[in-house]
Amino acid sequence: VQLQASGGGSVQAGESLRLSCRASGSIFRISAMGWYRQAPGKERELVATITTEGSTSYADSVKGRFSISRDNADYTAYLQMNNLKPEDTAVYYCNARQWLRSDPDYWGQGTQVTVSS
């Protein structure tokens with residue numbers, strides 16, 4: 001499985017960005033897709049996930065501001081980020097989880113999101 005992420009950038013606080021992540025290859029292995037982020041000096045943290053059935057989960061810090069969606073026909077996951085805050089600044093990584101949880105996750109390349117006040 002290969003994951004191609006896009007959509008990062010630099011914005012002002014209160015603005016919006018949308019990240020995209022397209023999966024290719026053995027996509028039948030994927031049960032859920034999501035986004036993680038890592039800020040400088042901090043550990044990577046979960047931002048949001050979505051299953052093939054459409055069930056979603058969010059980090060408390062982004063609830064009400066971020067929305068994850070998925071186009072199963074195009075094997076693409078989207079993260080709509082509204083009302084961005086400086087603390088959202090991080091490298092965002094697309095993630096795909098396999099059906100068998102003991103199998104390793106797939107990761108896309110990181111995309112930088114910078115929010116200035």
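Translational diffusion coefficient of the chain at 4 °C, 1.567 mPa s, Stokes-Einstein with Kirkwood Rh over Cα pairs, in µm²/s as a whole number.
Translational D for this selection: 92 µm²/s.
Just to confirm the filter: which trypsin sites (Lys or Arg not before Pro) across the range 2-72 are DSSP coil and have at most 14 other Cβ within 10 angstrom of their Cβ?
Passing both the DSSP loop test and the Cβ count: LYS42, LYS63.
Full extension from ALA73 to GLU15: what is 0.36 nm times the residue separation minus their Cα-Cα distance, to one decimal in nm?
18.0 nm
Once both labels are modelled 7 Å past Cα along the beta-carbon direction, what's the LYS63-GLN38 spacing in nm?
The answer from the label model is 2.7 nm.
So what is the relative contact order for the chain, in percent, with contacts set as C-alpha pairs under 8 Å and at least six apart?
36
Of the heavy-atom accessible surface of the chain (probe 1.4 angstrom), what whole percent is carbon and sulfur?
Within the chain, the accessible surface is 46 percent carbon and sulfur.
How much accessible area per residue does the chain have, counting only protein heavy atoms and a probe of 1.4 Å, in square angstrom?
In whole numbers, the chain has 52 Å² accessible per residue.
The values are calculated or read from the model by the stated rules, or taken from the named source; none is laboratory data. All values derive from a computational prediction rather than experimental measurement. Counting neighbours? That spans all protein chains shown, and the Cβs are built from the backbone with ideal geometry, glycine included. Just the protein is used for accessible areas: all its heavy atoms, side chains included, with ligands, DNA and RNA removed. Shrake-Rupley method; radii C 1.70, N 1.55, O 1.52, S 1.80 Å.
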